[in-house]
Amino acid sequence: MKNGWMNFFSGSVQVKVTGKGMERFLNECVRRKIDIWSVKRLGTESFSFFIHLKDIKLIRPIIRQSECKLSFMDRKGLPFLIRKSILNSGFVIGAVLFFIVIIILSNMVWGIEIKGAKPDTEYLVMKELEGMGIKKGKMQFTIMNVEDIQRSLTDNIDQITWVGVELRGTTYHFQVVEKNQPDPPEYFSPRNIVSRKKAVITEIFVEEGKPLVKMNDYVEKGELLVSGEIGEGGEKPRYVPARATIFGETWYKSTVEVELTTKFNVFTGNYKSKHYLQIGSLSIPIWGFGKHEFAEYREEEKDRNVRFLKWELPIGYKNVTIREEEERERVYTVDEAIEVGKKVGQNHLEDRLADDARVKSEKVLRQTTNNGKVKLEIYYNVIENIVTTIPLVQGD
């Protein structure tokens, strides 16, 4: 037979026929459309051939009507392999269970290593990991990805500046960089302190140097505030690195636009989850069949590959979460838009200012409404540190 694969799946049997009238037997098989192949003569009164497993019941009546005897020599094909597997089911089940156990153990967390952290910081990291569900014996599929773990630890633990997270095999490795202690005082060469912008002095504290301004003085940008040259009268001048904290009232102007009507998308809370078995680039759905009915939606994908011992297999699990969105419309009155504009303007200003600066007051200079937008020009009074330094050249 040419189609060997079909013979394998359906099963075939090699039989031996002995006796007189073998030719008549073969002709009767052909007449009854019984497939016979690989016919071999074994002697003067015997030969062998292959037939389909399903044709055995058709050949028995022919044997009874002839003077021949039939015996089975060999069996081939999937049905016999299945039967043999059933007879040896203990071994097969054991092998399958062993493979499943190895897969499960390869995808569990068996170790957590933390380097670069002091004992108290390491304790805080371990407590935070337990809160996130990361501990020994936990399946890796149920744990957030490495980037989310890193971001959560950095945000929630004040004692660390950065943490590196890496999953190698069944162990999570954490490299912690703790916040440094305050640096020792720096030593500077002689210098002057000048104003870095126009301001009215509101607070002055000089640690070292000769102050040249006082409270409520108006200063220009670049004006000398504290001199690093000390000495009066006929004394020989002494040059020091001027140190001072000087706050002044400065002024800023900001332009803000607020739309009276804004459209944006929000999640409704409805979602549909789909689960897939990932084999290479092929995704086979295993749960969450059917189409969703969301008109507007956003998809989130999470992929995890299966590990076998230290190797990563091209088999994985993919979870797709489809979240429903809907469009909302937000409408402000003019007064509400003005209040929002003030907050937006102040937030933008605070992003530009140092941490020790504060907004003293604000005033809307101009307000216009055009094309569905409110445009504000806002004037701010700010109290901030105005000092900057320049080198002092001796003899100036």
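Just so you know, all these numbers are worked out from the coordinates, no wet-lab data involved. Since we're looking at a predicted model, the values are computed, not measured. Please note: Cβ atoms are built from the backbone with ideal geometry, for glycine as well, and neighbour counts cover all protein chains shown.
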Measuring from its Cα centre, region 264-327 shows a charge dipole (+1 at each Lys and Arg Cβ, -1 at each Asp and Glu Cβ) which, in debye to the nearest 20, is 560 debye
Candidates T170, T44, T161; GNM for the chain (alpha-carbon contacts under 10 Å) flags as most fluctuating T44
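With the contact rule set at Cα under 8 Å and sequence spacing of 6 or more, what percent relative contact order holds for the chain?
Values: 715 pairs, mean separation 52.5, N = 396.
This gives 13 percent for the chain.
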With x for Gly and Pro, the residue-by-residue ³J(HN,Hα) of region 186-195, computed from phi through the Karplus equation 6.51 cos²θ - 1.76 cosθ + 1.60 at θ = phi - 60° and given in whole Hz, is 8, 10, 10, 7, x, 7, 10, 10, 10, 7
Of 84-91, 238-245, ordering from highest average Cβ density within 10 Å down gives 238-245, 84-91
The long-range amide H neighbours of G11, using H built 1.01 Å from N in the peptide plane and a cut-off of under 5 Å, are L78
Given the candidates T389, S361, Y379, the one whose Cα lies deepest towards the positive end of the charge dipole of region 285-396, counting +1 at each Lys or Arg C-beta and -1 at each Asp or Glu C-beta, is T389
For region 124-136, in residue order, the Karplus 3J(HN,Hα) values (coefficients 6.51, -1.76, 1.60; θ = phi - 60°; whole Hz; Gly and Pro = x) are 4, 5, 5, 5, 5, 5, 4, x, 8, x, 9, 7, 5
Counting sequence-distant residues (5 or more places) and residues on other chains, those with an amide H built under 5 Å from that of R307 are L313
With x for Gly and Pro, the residue-by-residue ³J(HN,Hα) of region 237-248, computed from phi through the Karplus equation 6.51 cos²θ - 1.76 cosθ + 1.60 at θ = phi - 60° and given in whole Hz, is x, 10, 10, 10, x, 4, 10, 6, 10, 10, 9, x
Candidates M139, M73, M108; GNM for the chain (alpha-carbon contacts under 10 Å) flags as most fluctuating M73
Projected onto their principal axes, the Cα atoms of the chain stretch, largest extent first, over whole-Å spans of 145, 59, 37
Ranked by GNM mean-square fluctuation in the chain (Cα springs under 10 Å), the top entry among E147, E45, E326 is E45
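Quick check on region 245-375: take the gyration tensor over C-alpha atoms, sort the square-rooted eigenvalues as a ≥ b ≥ c, and tell me if it's rounded (a/c under 1.5), prolate or oblate. Present the calculation step by step, with values, prior to reporting the outcome.
Details: a/c = 5.51, a/b = 2.02, b/c = 2.73.
Since a/c reaches 1.5 but b/c is at least a/b, the shape of region 245-375 is classed as oblate.
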Magnitude of the Cβ-charge dipole (Lys and Arg +1, Asp and Glu -1) of region 4-78 about the Cα centre, nearest 20 debye, reported as 160 debye
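Report, in cubic angstrom per residue, the convex hull volume of the C-alpha atoms of region 111-178.
Details: hull volume 5.1 nm³, N = 68.
Spread over its residues, the Cα hull of region 111-178 gives 75 Å³ apiece.
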Rounded to the nearest 10 degrees, the helix 22-31 long axis (Cα) sits at an angle to the longest Cα principal axis of the chain of 50 degrees
Ranked output for segments 348-354, 208-214, 224-230 by mean other Cβ atoms within 10 Å, highest leading, reads 224-230, 208-214, 348-354
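If packing is taken as the average number of other Cβ atoms within 10 Å across a peptide's residues, how do 368-374, 317-323 rank, most packed first? If you can, show how the numbers build up before the last one.
Details: 368-374: 12.0, 317-323: 16.7.
In decreasing order of mean packing, 368-374, 317-323 become 317-323, 368-374.
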